[in-house]
Amino acid sequence: PARVEAPVQVAAPFQPDQIRLTFTPFITGLDQPVFVTHAGDGSGRLFVVERRGLIWAYADGAPTTQSFLDIRDRINSGGQEQGLLGLAFDPQFAQSGAFFVNYTNKQGNTTLSRFPILANDPNVAQAASEQILLTIDQPASNHNGGMLAFGPDGMLYMGTGDGGAADDRYGNGQNPATLLGKMLRL
């Protein structure tokens with residue numbers, strides 16, 4: 001039997017001048033949004049973190065009637081690198097209703113907290129039921145890190161920032177005796 005070779009297909013050269021992109025905003029009216037994520041619960045909702053201490057839930061591009069979480073009374077959002085900086089939903093959020101946030105508190109220190117949602121409304125968190133898990137003193141008002149994410153190992157990862165100033169002035173990045181300048185696995 002004769003073997004038939006498939007013809008080799010050559011891709012057309014990339015022509016960036018032929019590409020036309022358009023952008024259409026689907027969420028507007030936010031004040032200093034820093035992060036967008038989902039809960040992984042199949043609801044299709046998006047959650048937008050505002051640095052000033054609010055999290056909004058959006059379903060089909062429309063916000064819920066009230067904020068998902070409002071902790072403005074606990075937040076120091078002065079400067080450009082402080083405020084509510086991170087959000088991660090428990091990998092079992094659909095069952096647990098728990099999520100985690102990273103923010104700078106009124107004293108300017110990094111705070112990692114856990115919150116539950118209301119039992120009868122998955123679009124509202126119980127701000128009064130905050131469980132503070134970790135507080136890290138910050139020597140300056142910048143370089144606060146803030147990102148939170150669950151890894152494939154089920155652990156919560158947290159970027160702490162190096163403690164501020166410029167060029168890691170306090171030497172925290174290479175100092176194993178401090179939690180600053182680290183990626184923590186919790």
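Say a paramagnetic label sat at a point 7 Å from the Cα of ARG169, along Cα to Cβ; which residues of segment 82-116 have their backbone N under 20 Å from it? Correct set: 82-83, 104-105, 107-110. Does segment 17-140 come out rounded, prolate or oblate by the C-alpha gyration tensor, with a ≥ b ≥ c the root eigenvalues, rounded set by a/c under 1.5 and, if not, prolate when a/b is larger than b/c and oblate if not? Oblate is the answer for segment 17-140, as a/c is 1.5 or above yet b/c matches or exceeds a/b. Checking the a/c ratio against 1.5 first, then a/b against b/c, what shape does the Cα gyration tensor give for segment 104-165? Cα axes put segment 104-165 in the oblate bin. Taking 7 Å steps out from each Cα toward its Cβ at LEU179 and ALA149 produces label points 2.1 nm apart. Excluding ILE71 itself, what net charge comes from residues whose Cβ is under 14 Å from its Cβ, given Lys and Arg +1 and Asp and Glu -1? Counting the neighbours of ILE71, the net charge comes to +2. About its Cα centre, the dipole of segment 91-186 is roughly 80 debye, where the only charges are +1 on Lys and Arg Cβ and -1 on Asp and Glu Cβ. Could you give the longest part of the chain that holds none of the trypsin sites (Lys or Arg not before Pro) found in DSSP loops with at most 13 neighbouring Cβ atoms within 10 Å? Maximal segment without exposed cleavage sites: 21-105.
Taking 7 Å steps out from each Cα toward its Cβ at THR24 and ASP121 produces label points 3.1 nm apart.
How would ASP137, ASP153, ASP90 rank on accessible area, largest to smallest, probe 1.4 Å?
Numbers: ASP137 110, ASP153 75, ASP90 30 Å².
Output order, biggest surface exposure first: ASP137, ASP153, ASP90.
The values are calculated or read from the model by the stated rules, or taken from the named source; none is laboratory data. Nothing here was measured: the structure is a model prediction, and the numbers come from that model. Neighbour counts are summed over all protein chains in view; Cβ atoms, including those assigned to glycine, are modelled from backbone coordinates with ideal geometry. We work out accessible area using only protein heavy atoms, side chains counted, and drop any ligands, DNA or RNA first. Shrake-Rupley method; radii C 1.70, N 1.55, O 1.52, S 1.80 Å.
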